[in-house]
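Data first, discussion second: the structure below is written as structure tokens.
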Amino acid sequence: MALQLYVAMIGTLLIALETGTRPSKYDFAQMSLVATGMVALADAKKVMHRRRAERARAAQWQAEYRAAKKTAR
């Protein structure tokens, strides 16, 4: 179990170096699945990339919403 933890941590940190962003709990969970052999690394990277894109779109929408709300006052 300790080996799986270390593999997940190292994988998450390598992905952080690759993307330049701070890893999330979701990234760690995906890497844990890779370490246990339940998910292939390529599939996990696709899921993590899609999740990052969704979070970026949500953050952009939220910023636009807040800006519109400020100007409406």
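Data for the structure
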| read-out | value |
| --- | --- |
| Cβ pairs under 8 Å, 6+ apart, first in segment 26-38 and over 15 Å from I10 (Cβ atoms), second open to solvent by 60 Å² or more (accessible area, probe 1.4 Å) | Y26/R51 |
| Check on T71, more than 23 Å from A2 (Cα to Cα) and of a type in the set (S, T, Y) | yes |
| Test: residue in segment 48-58 that is assigned to a loop (DSSP other than H, G, I, E, B), open to solvent by 60 Å² or more (accessible area, probe 1.4 Å) and in contact with a helix residue (DSSP H, G or I) (Cβ under 7 Å, 6 or more places away or on another chain) | no |
| Residue in segment 59-67 that is outside any loop (DSSP other than H, G, I, E, B), touching a residue at least 24 places away in the same chain (Cβ under 8 Å), surrounded by 10 or more Cβ atoms within 10 Å (Cβ to Cβ) and not small (G, A, S) present | no |
| Which numbered condition K45 fails, given (1) out of contact with any Ser or Thr (no Cβ under 8 Å at 6 or more places or on another chain); (2) modelled with pLDDT of 85 or more; (3) of a type in the set (K, R); (4) over 21 Å from L3 (Cα atoms) | (4) |
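The values are calculated or read from the model by the stated rules, or taken from the named source; none is laboratory data. Bear in mind that the values here come from a model prediction, so they are computed numbers and not experimental data. FYI the Cβ positions are ideal-geometry reconstructions off the backbone, even for glycines, and counts take in every protein chain you see. In case anyone asks, the SASA skips ligands and DNA or RNA and just uses the protein heavy atoms, side chains included. Shrake-Rupley method; radii C 1.70, N 1.55, O 1.52, S 1.80 Å.
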